[in-house]
Amino acid sequence: MMFEPDDDFFPVLPQARTLRPAGPEDLAATIAFTVLLFAAGVVLSFGGVLQLMSVDACGARPTGCDYALLASTIWITPAATVAALGLAIVALARRPRRRRRTWWVPVLGLAFTVCAFAVASALVRAGLGMST
């Protein structure tokens, strides 16, 4: 025929993939990552408290420290952990109705908690007046 499409100019698109519903392995992975998120949050929160013990160096410094900033940094990592755990638990609760994969929610929460710890650590160093 005269008007047949040419495969070189009009490639055939692949069929759309069908999403398979989340199975029990996704539930196990989500629970495991949520437990890992909780454990990492506890360890990182304790690490933040240990960093705040360096406030002892403020007495020997003539410039002093920013005590208001140091007092506020103690809550950054635990608050991020609680928020991430809340989202992970909501994702677990909604999972039976949605049938979507939810393992990525606690993994994203873990990344958020680690980033919050890094920010809190940088703020502690700034509050102590340390450079880099």
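The C-beta contact set for the range 30-49 (first residue more than 15 Å from residue 90 (Cα to Cα), second residue open to solvent by 60 Å² or more (accessible area, probe 1.4 Å) and in a helix (DSSP H, G or I), distance under 9 angstrom, 6+ apart or interchain) comprises 40/114; 41/82; 44/114.
May I ask you to verify whether residue 22 is open to solvent by less than 40 Å² (accessible area, probe 1.4 Å) and at pLDDT below 75? When the stated conditions are applied, residue 22 passes them. Exactly one residue among 82, 119 is of a type in the set (A, V, I, L, M) and either open to solvent by 90 Å² or more (accessible area, probe 1.4 Å) or touching an Asp or Glu at 6+ places or on another chain (Cβ under 8 Å) (or both), and that residue is 82.
Report yes if some residue within the range 31-43 is open to solvent by 30 Å² or more (accessible area, probe 1.4 Å), among the hydroxyl-bearing types (Ser, Thr, Tyr) and assigned to a helix (DSSP H, G or I); otherwise report no. Checked against the condition, which is being open to solvent by 30 Å² or more (accessible area, probe 1.4 Å), among the hydroxyl-bearing types (Ser, Thr, Tyr) and assigned to a helix (DSSP H, G or I), the range 31-43 yields no hits at all.
Candidates 112, 117: the one that is in contact with a Leu (Cβ under 7 Å, 6 or more places away or on another chain), of a type in the set (A, V, I, L, M, F, W, C) and more than 16 Å from residue 35 (Cβ to Cβ) is 117. Scan the range 92-113 and give yes if some residue there is assigned to a loop (DSSP other than H, G, I, E, B) and open to solvent by less than 80 Å² (accessible area, probe 1.4 Å), otherwise no. The answer is yes; a qualifying residue exists. The set of residues in the range 46-77 being open to solvent by less than 40 Å² (accessible area, probe 1.4 Å) and either more than 16 Å from residue 111 (Cβ to Cβ) or not in a helix (DSSP H, G or I) (or both) consists of 47, 48, 52, 58, 64, 65, 70, 73.
The values are calculated or read from the model by the stated rules, or taken from the named source; none is laboratory data. For clarity, every value in this text was computed on a predicted model and none was experimentally measured. FYI the Cβ positions are ideal-geometry reconstructions off the backbone, even for glycines, and counts take in every protein chain you see. The accessibility values were calculated without ligands, DNA or RNA, using every heavy atom of the protein model including side chains. Shrake-Rupley method; radii C 1.70, N 1.55, O 1.52, S 1.80 Å.
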